[in-house]
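Trainee: Supplied in structure tokens, the structure appears directly below.
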Amino acid sequence: MWTAITREVSPALAGCELSFIERDAIDVDRASAQHHAYQRALEALGCRVVALPAEPALPDSVFVEDVAIVLDEVAILTRPGAASRRGEVAGVGVELRRHRSVLAIEAPGTIDGGDVLRLGRTLHVGQSARSNPEGIAQLGALLAPHGYAVAGVPTFGCLHLKSAVTQLDDETLLLQPQWVDRERFASFRLIEIDPAEAHAANVVRVGDALLMPASFPRTQQRLIEAGYKVVAVDVSELQKAEGAVTCCSLVFRTAGTVG
Ligand code: GLY
């Protein structure tokens, strides 16, 4: 079965980090309601959702994806690129130790999990403002014994690699061609976002279904026409915090009977 670790929205969400979008007023109660609907959508797709309590002092802590990388064999706690986010790591680590042996990125390395796209036995890591060469090198050294390769990927004008490209199925990626070089992923079938929906490349894959924001109907239609089962959720308040759907969970396989 699938487990999805999430964390409830912080009451301090409005003080979040922003890099590539303008600050806009965030309705935290609405963000929380949208996040609960997102959790219910994950459950409907077969995930057992773990909801960690809100962290009042950590504005971005709902975006749990950035603090860990979970593989079948091991989990890696990251060291987020934004100093304000480093306090998020320990609490997620406590939960992850119930499921995996846990390793960690150490200073001066930095990695945001949003920069890490696993495709088979290769982890592609965005060379963004959040993930530095030292962090990428450490990740490679930690994962080589487990048979994974790690490759840095330049990103252009976006927060994370997974702002620009995510996986739809074993052979296919959804891609924003302005933010990453599509030639890096030329061995995959590539579906591009609708050009009017710049932030639409971030979707969560759970089994044979895709979870994506409701605000990208044109890209959603492309995916439906390509044969995918798509579930759309309204995450507009979380998008104002420069969040996306992958950011709000750590989804991984656990022992069980479903999925
Ligand atoms: N607000 C999401 C981030 O910048 O990490």
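The values are calculated or read from the model by the stated rules, or taken from the named source; none is laboratory data. Bear in mind the structure is a predicted one, so any value in this text is a computation, not a measurement. When we count neighbours, we look across all protein chains shown, and the Cβ atoms used for this are built from the backbone with ideal geometry, even at glycine. Remember, those area values only see protein heavy atoms, side chains included, never the ligands or the DNA or RNA. Shrake-Rupley method; radii C 1.70, N 1.55, O 1.52, S 1.80 Å.
Trainee: Quick one: in region 110-129, of everything that is in contact with a helix residue (DSSP H, G or I) (Cβ under 6 Å, 6 or more places away or on another chain) and under 22 Å from Pro177 (Cα atoms), which residue is surrounded by the fewest Cβ atoms within 10 Å (Cβ to Cβ)? Even if it seems obvious, please write down each step before you answer.
Mentor: So in region 110-129, the residues in contact with a helix residue (DSSP H, G or I) (Cβ under 6 Å, 6 or more places away or on another chain) come out as 110-115, 117, 125-126, 128.
Going one step further and asking which of them are under 22 Å from Pro177 (Cα atoms), we end up with 112-115, 117, 125-126, 128.
Details: Asp112: 29, Gly113: 26, Gly114: 28, Asp115: 33, Leu117: 23, Val125: 27, Gly126: 28, Ser128: 25.
Only one residue tops the list, namely Leu117.
Trainee: Out of (1) open to solvent by 20 Å² or more (accessible area, probe 1.4 Å); (2) more than 25 Å from Leu223 (Cα to Cα); (3) not small (Gly, Ala, Ser), the odd one out for Ile105 is which?
Mentor: Failing condition for Ile105: (1).
Trainee: Okay, moving on. Report yes if some residue within region 57-65 is within 16 Å of the ligand (Cβ to nearest atom), part of a loop (DSSP other than H, G, I, E, B) and farther than 21 Å from Ser131 by Cβ; otherwise report no.
Mentor: Filtering region 57-65 for residues within 16 Å of the ligand (Cβ to nearest atom) gives 57-65.
Within this subset, residues satisfying the condition of being part of a loop (DSSP other than H, G, I, E, B) are 57-63.
Still in the list and also farther than 21 Å from Ser131 by Cβ: 57.
Yes, region 57-65 contains at least one residue that is within 16 Å of the ligand (Cβ to nearest atom), part of a loop (DSSP other than H, G, I, E, B) and farther than 21 Å from Ser131 by Cβ.
Trainee: Hey, any hits in region 232-251 for a residue that's among the basic types (Lys, Arg), open to solvent by 50 Å² or more (accessible area, probe 1.4 Å) and away from the ligand (no atom under 16 Å from the Cβ)? Steps first, answer last, please.
Mentor: Narrowing region 232-251 to residues among the basic types (Lys, Arg): 240.
Adding the requirement that they be open to solvent by 50 Å² or more (accessible area, probe 1.4 Å) leaves 240.
Next, from what is left, pick out any that are away from the ligand (no atom under 16 Å from the Cβ): none.
No, every residue in region 232-251 fails to be among the basic types (Lys, Arg), open to solvent by 50 Å² or more (accessible area, probe 1.4 Å) and away from the ligand (no atom under 16 Å from the Cβ).
Trainee: Is it the case, given these coordinates, that Arg222 is within 25 Å of Glu95 (Cα to Cα) and among the basic types (Lys, Arg)? Please lay out each step first, then the result.
Mentor: On the way: within 25 Å of Glu95 (Cα to Cα): no; among the basic types (Lys, Arg): yes.
Judged against the criteria, Arg222 is not a match.
Trainee: Are any of the residues in region 26-43 in a loop (DSSP other than H, G, I, E, B), in contact with a helix residue (DSSP H, G or I) (Cβ under 9 Å, 6 or more places away or on another chain), touching a residue at least 12 places away in the same chain (Cβ under 8 Å) and within 15 Å of the ligand (Cβ to nearest atom)?
Mentor: If we filter region 26-43 for residues that are in a loop (DSSP other than H, G, I, E, B), which is where we start, we get 26-27.
So of that shortlist, the ones also in contact with a helix residue (DSSP H, G or I) (Cβ under 9 Å, 6 or more places away or on another chain) come out as 26-27.
Of the ones still in play, those that are also touching a residue at least 12 places away in the same chain (Cβ under 8 Å) are 26-27.
Subsequent filtering for residues that are within 15 Å of the ligand (Cβ to nearest atom) retains 26.
Yes, there is a match, as at least one residue in region 26-43 is in a loop (DSSP other than H, G, I, E, B), in contact with a helix residue (DSSP H, G or I) (Cβ under 9 Å, 6 or more places away or on another chain), touching a residue at least 12 places away in the same chain (Cβ under 8 Å) and within 15 Å of the ligand (Cβ to nearest atom).
Trainee: A further question on this structure: How many residues, within region 186-204, are free of Cβ contacts under 8 Å to residues at least 60 places away in the same chain and surrounded by fewer than 19 Cβ atoms within 10 Å (Cβ to Cβ)?
Mentor: Residues that pass the stated criteria total 11.
Trainee: Kindly indicate whether any position in region 141-153 is modelled with pLDDT of 95 or more, surrounded by 15 or more Cβ atoms within 10 Å (Cβ to Cβ) and under 25 Å from Ala226 (Cβ atoms).
Mentor: Going through region 141-153, the residues modelled with pLDDT of 95 or more turn out to be 141-153.
Next, only the ones that are surrounded by 15 or more Cβ atoms within 10 Å (Cβ to Cβ) stay: 142-143, 148, 150, 152-153.
Keeping just the survivors that are under 25 Å from Ala226 (Cβ atoms) gives 153.
Yes, region 141-153 contains a residue that is modelled with pLDDT of 95 or more, surrounded by 15 or more Cβ atoms within 10 Å (Cβ to Cβ) and under 25 Å from Ala226 (Cβ atoms).
Trainee: Mind checking which residues of region 60-75 are closer than 25 Å to His36 by Cβ and touching a residue at least 60 places away in the same chain (Cβ under 8 Å)?
Mentor: Step one: of region 60-75, the residues closer than 25 Å to His36 by Cβ are 60-68, 70.
Scanning region 60-75 gives Asp60, Val62, Phe63, Val64, Glu65, Asp66, Ala68, Val70.
Trainee: Here is a check on your reading of the model: is Ser101 in contact (Cβ under 8 Å) with a residue 24 or more places away in the chain, of a type in the set (Gly, Ala, Ser) and in contact with a strand residue (DSSP E or B) (Cβ under 8 Å, 6 or more places away or on another chain)?
Mentor: Details: in contact (Cβ under 8 Å) with a residue 24 or more places away in the chain: yes; of a type in the set (Gly, Ala, Ser): yes; in contact with a strand residue (DSSP E or B) (Cβ under 8 Å, 6 or more places away or on another chain): yes.
Answer is yes for this residue.
Trainee: Okay, moving on. Inside region 1-21, can you point out the residues that are more than 13 Å from the ligand (Cβ to nearest atom) and farther than 22 Å from Val204 by Cα?
Mentor: Listed by number, the list holds a single entry, Pro11.
Trainee: When the residues of region 19-54 are filtered to those that are of a type in the set (Val, Ile, Thr) and closer than 21 Å to His199 by Cα, which remaining residue is surrounded by the most Cβ atoms within 10 Å (Cβ to Cβ)?
Mentor: Going residue by residue through region 19-54, those that are of a type in the set (Val, Ile, Thr) are 21, 26, 28, 49-50.
From what is left, the residues that are closer than 21 Å to His199 by Cα are 21, 26.
On the way: Ile21: 12, Ile26: 20.
Looking at residues that are of a type in the set (Val, Ile, Thr) and closer than 21 Å to His199 by Cα, I get Ile26.
Trainee: Taking into account only those residues within region 76-101 that are surrounded by fewer than 16 Cβ atoms within 10 Å (Cβ to Cβ) and among the aliphatic types (A, V, I, L, M), which is farthest from the ligand (Cβ to nearest atom)? Let's see the steps before the verdict.
Mentor: Looking only at region 76-101, we keep the residues that are surrounded by fewer than 16 Cβ atoms within 10 Å (Cβ to Cβ), and these are 83-84, 87, 90, 93-94, 97-98, 101.
With the extra rule that they be among the aliphatic types (A, V, I, L, M), the set shrinks to 83, 90, 94.
Numbers: Ala83: 11, Ala90: 17, Val94: 21 Å.
Among those residues, the one meeting the criterion is Val94.
Trainee: While we're looking at this one, here's another question. With a cut-off of at least 1 residues that are farther than 29 Å from Arg98 by Cα and more than 14 Å from the chain's Cα centre (by Cα), name the strands (runs of 3 or more DSSP E) lying wholly within region 148-259. Break it down into steps so the answer makes sense when it comes.
Mentor: Numbers: elements: 149-154, 165-169, 172-175, 189-192, 204-206, 209-213, 229-233, 250-253.
Qualifying strands (runs of 3 or more DSSP E): 149-154, 172-175, 189-192, 229-233.
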